[in-house]
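Contents: one structure, followed by commentary.
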């Protein structure tokens, strides 16, 4: 575990694999920390340089006062990758992590050579929806949203397993200020125009039972990027890397190889 001082925030991050390996950056969803990727990473090809981090307000990173902007979240990641000397990474972003991926690719194409936009979109939800969630968390903490979030995040069959409790616990243990700060960032983001200007290998991944970013929403965003690919994972919700890690890892590996990056 390491901490990087980005100025107004200190980011918890982890680097695994050889220094000269192809860098692959993973950015996780709202309400989770870098452990989201634990089920998938052992299934990926050996020799990659895996970089994970907790975005501001989440996990073991610091919690600046909110609200946050998407520009700040993108800048945090940019500074971390510059600190680590990363260039031409493959960036895998899920949900808000996928928004960070879009913003970073638009801003710093030297850092990003390919993107995986998983369970995300150029615009997610409405201002009213996010205002309501922020208000609920202000009044009752993240716990106030936990049950409804589990329904959006996971398929019905997965919600019946004991493993779901792990993800519910991860959610409710995130700081309310960090959750609301990042919610405000999502609320204020519309990447339709900038994302439509991207020209790089791109893969979209959706879960058939995703109640947060349904497959059509993900596909609509990938259609903005010429030559992009799209894959649907069945029997999975918003976090297919948790529900179907074998299939998720296989899809990532296929994309990395097809793009000539491993």
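The values are calculated or read from the model by the stated rules, or taken from the named source; none is laboratory data. Everything numeric in this text was worked out from a predicted model, so none of it was measured. Counting neighbours? That spans all protein chains shown, and the Cβs are built from the backbone with ideal geometry, glycine included.
Out of the residues in region 42-58 meeting the condition of being out of contact with any strand residue (DSSP E or B) (no Cβ under 6 Å at 6 or more places or on another chain) and surrounded by 14 or more Cβ atoms within 10 Å (Cβ to Cβ), tell me which one is nearest to residue 84 (Cα to Cα). Checking each candidate, the answer is 55. Within the set 118, 61, 75, the sole residue that is at pLDDT 95 or above and surrounded by fewer than 24 Cβ atoms within 10 Å (Cβ to Cβ) turns out to be 75. The condition of being out of contact with any strand residue (DSSP E or B) (no Cβ under 7 Å at 6 or more places or on another chain) and either modelled with pLDDT of 95 or more or surrounded by fewer than 20 Cβ atoms within 10 Å (Cβ to Cβ) (or both) holds for only one of 70, 90, that being 70.
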